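What follows is a set of notes on a single structure, which appears directly below.
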Amino acid sequence: MIFKLPELNYSYDALEPHIDKQTMETHHTKHHQAYVDKLNQALEKYPEFQNMEIEEILKSLDKLPEDIKAAVRNNGGGHYNHDLFWKIMSPDGERKPVGELAKKIDEKFGDFESFKAKFKDASVGRFGSGWGWLVLNSDNSIDIVSTPNQDNPISEGKKVIFGLDVWEHAYYLKYMNKRPDYIDAWWNVVNWSIIEERYQSLK
Ligand code: MN3
């Protein structure tokens, strides 16, 4: 067992009422754990990949042996995406963009409300399961994108500032089929200080 389920920095009920305890607990201990287990299982035969950072593996999926490529893309992506997702949420903290990224968002999208509307469109519009992302391009510009399944834009050469899980398992217990309501509520648990720190480390 090489990859491990990361601990959360807050309790399962800390993001209530926006994200409920049962969803958080199941999401972390069942869904994320399953990605970690299946990733380790896929890499069992190939120890040369077990010491790599998951981010490095996802950046060069083409280098993986054919027989595990799909499993690592899905489960390695699942592990990396959720690790990031847990980190950018917190029960307290800045609820609006701060610092340099705040300026960048205003420049590109007009203001935070317009940014949120565009991010919501991209995330609601993702058919089936997937993620909404804010990415940093190689020319240092930012974009909103979405990916299917557990794909991550880092596999397309982009840097990921943050992402939102829009799989039904992320919201169905509380929000049922109302993905837009979940997205509206999610902004209440996003920690923009952490996102700004991440942006600073990526650029
Ligand atoms: Mn998920």
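For the stretch 21-87, the tally of Lys pairs with Cα-Cα distances below 14 Å comes to 5, considering only residues 8 or more apart or on different chains. Here the 3J(HN,Hα) profile of the stretch 122-138, calculated from phi with Karplus coefficients 6.51, -1.76 and 1.60 at θ = phi - 60°, is 5, 7, 5, x, 5, 6, x, 9, x, 9, x, 9, 10, 10, 10, 7, 5 Hz, Gly and Pro shown as x. Close amide H pairs (under 5 Å, H built 1.01 Å from N) link Met89 with Asn191, residues at least 5 positions away or on another chain.
Highest average first, the peptides 8-15, 145-152 ordered by how many other beta carbon atoms sit within 10 Å of their residues are 145-152, 8-15. Counting only DSSP H runs of at least 4 residues, each contributing -39500 (n - 2.57), and dividing by the residue count of the chain, the helix-based mean residue ellipticity at 222 nm comes to -13500 deg cm²/dmol. Averaging 1/r across all pairs of distinct Cα atoms in the stretch 21-87 and inverting the result yields a Kirkwood radius of 12.2 Å.
Rounded, prolate or oblate for the stretch 104-164? Axes are the square roots of the Cα gyration tensor eigenvalues, ordered a ≥ b ≥ c, and the cut-off for rounded is a/c under 1.5. It is oblate, given that a/c is not under 1.5 and a/b is not larger than b/c. Rounded to the nearest 20, the Cβ-based charge dipole of the stretch 21-87 about its Cα centre (Lys and Arg +1, Asp and Glu -1) stands at 260 debye.
Over 21 Å, how big is the tail of the calculated P(r) for the chain, in percent of all Cα pairs? Cα-Cα pairs of the chain separated by over 21 Å account for 52 percent. Can you send over the carbon and sulfur percentage of the accessible area for the chain, probe radius 1.4 Å, protein chains only? Looking at the chain in its full context, I get 48 percent from C and S. Axis angle, to the nearest 10 degrees, between helix 192-202 and the longest C-alpha principal axis of the chain: 50 degrees. Charged side chains reduced to their Cβ positions (Lys and Arg at +1, Asp and Glu at -1) give the chain a dipole of some 260 debye around its Cα centre.
The values are calculated or read from the model by the stated rules, or taken from the named source; none is laboratory data. These numbers were taken from a predicted model, which means no experiment stands behind them. Neighbour counts run over all protein chains shown; Cβ positions are idealised from the backbone, glycine included. Keep in mind that these areas ignore ligands, DNA and RNA; they rest on the heavy atoms of the full protein, side chains included. Shrake-Rupley method; radii C 1.70, N 1.55, O 1.52, S 1.80 Å.
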